[in-house]
Amino acid sequence: EKSDFLEVAYLLIYGELPSSEQYNNFTKKVAVHSLMNERLHYLFQTFCNSSHPMAIMLAAVGSLSAFYPDLLKFKEADYELTAIRMIAKIPTIAAMSYKYSIGQPFIYPDNSLDFTENFLRMMFATPCTKYEVNPVIKNALNKIFILHADHEQNASTSTVRIAGSSGANPFACISTGIA
């Protein structure tokens, strides 16, 4: 009840709940990696306006393997940073995919906001109006994120694990789960 998504993400990565200092450091790391490479915008322009956001997201997440080619030889030492990048970039890509599908401009991450507020802002803000996060929606979405953080061994999880066992780039593996 009192946790937020990033605290749960920390627990899943490290196996224990973070101290206050660990939590603050972790949230800062996630925030730093939420920004996308500007070249990714060109990928979005290749899709039809009627493309489904999940199809766009699939391609965009898979394309991250081209931005992080060093992960083609994934080592255990890469685990933490890769997990942080995934946690940070997937919401940005999801929001970009949605915005593109409805013909609105992308909204860049705002690192002064918490994880859920930032996602809601990227999804629903427009450049011409100030966006106010509804606290009820923020609380509900945070709980949804927590519920989805560890959703057992479903088909997408199995697919990611099978792809990951091949040693493929982690971003390519995650894209298989999106498919």
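Just so you know, all these numbers are worked out from the coordinates, no wet-lab data involved. All values derive from a computational prediction rather than experimental measurement. Positions of Cβ are backbone-derived with ideal geometry, glycine not excepted, and every protein chain shown enters the neighbour counts.
If you plug each phi of segment 141-147 into the Karplus form 6.51 cos²θ - 1.76 cosθ + 1.60 with θ = phi - 60°, what whole-Hz ³J(HN,Hα) values come out, in order, with x for Gly and Pro?
5, 4, 5, 5, 4, 4, 4
Can you tell me which of 122-134, 57-69 comes out highest on packing, and rank the rest after it, using the mean Cβ neighbours within 10 Å?
57-69, 122-134
Starting at the first residue of segment 36-45, write each ³J(HN,Hα) from the Karplus equation 6.51 cos²θ - 1.76 cosθ + 1.60 with θ = phi - 60°, in whole Hz, x for Gly and Pro.
Once rounded to whole Hz, the list reads 9, 4, 4, 5, 5, 4, 5, 4, 4, 5.
Select one label from (1) 0.98; (2) 1.13; (3) 0.95: the one whose number is Rg/Rh (Cα atoms, Kirkwood Rh) as derived from the coordinates shown.
Looking at Rg/Rh (Cα atoms, Kirkwood Rh) for this model, the match is (3).
What value, in deg cm²/dmol to 500, does the helix sum -39500 (n - 2.57) over DSSP H runs of n ≥ 4 give at 222 nm once divided by the residues of the chain?
Mean residue ellipticity at 222 nm (helix-derived): -19500 deg cm²/dmol.
Counting pairs of alpha carbon atoms under 8 Å apart in space and at least six apart in sequence, what relative contact order in percent does segment 18-133 give?
29 percent
Along the charge dipole of the chain, Cβ charges K/R +1 and D/E -1, which of 107, 174, 162 sits furthest on the positive end?
Positive-end residue among those listed: 107.
Stretched out fully, how many nm does the piece from residue 17 to residue 78 gain, at 0.36 nm a residue minus the Cα gap?
That pair, residue 17 and residue 78, stretches by 19.9 nm at full extension.
Over 25 Å between Cα atoms, which of 75/143; 2/29; 29/143; 73/143 qualify?
75/143; 73/143
Report ³J(HN,Hα) in whole Hz for each residue of segment 12-20, in order, from the Karplus equation J = 6.51 cos²θ - 1.76 cosθ + 1.60 where θ = phi - 60°; Gly and Pro get x.
After applying 6.51 cos²θ - 1.76 cosθ + 1.60, I find 5, 6, 9, x, 8, 5, x, 6, 4 Hz.
What is the calculated FRET efficiency for residue 51 to residue 126, with r their C-beta to C-beta distance and R₀ = 22 Å, to the nearest 0.05?
The formula returns an efficiency of 0.60 here.
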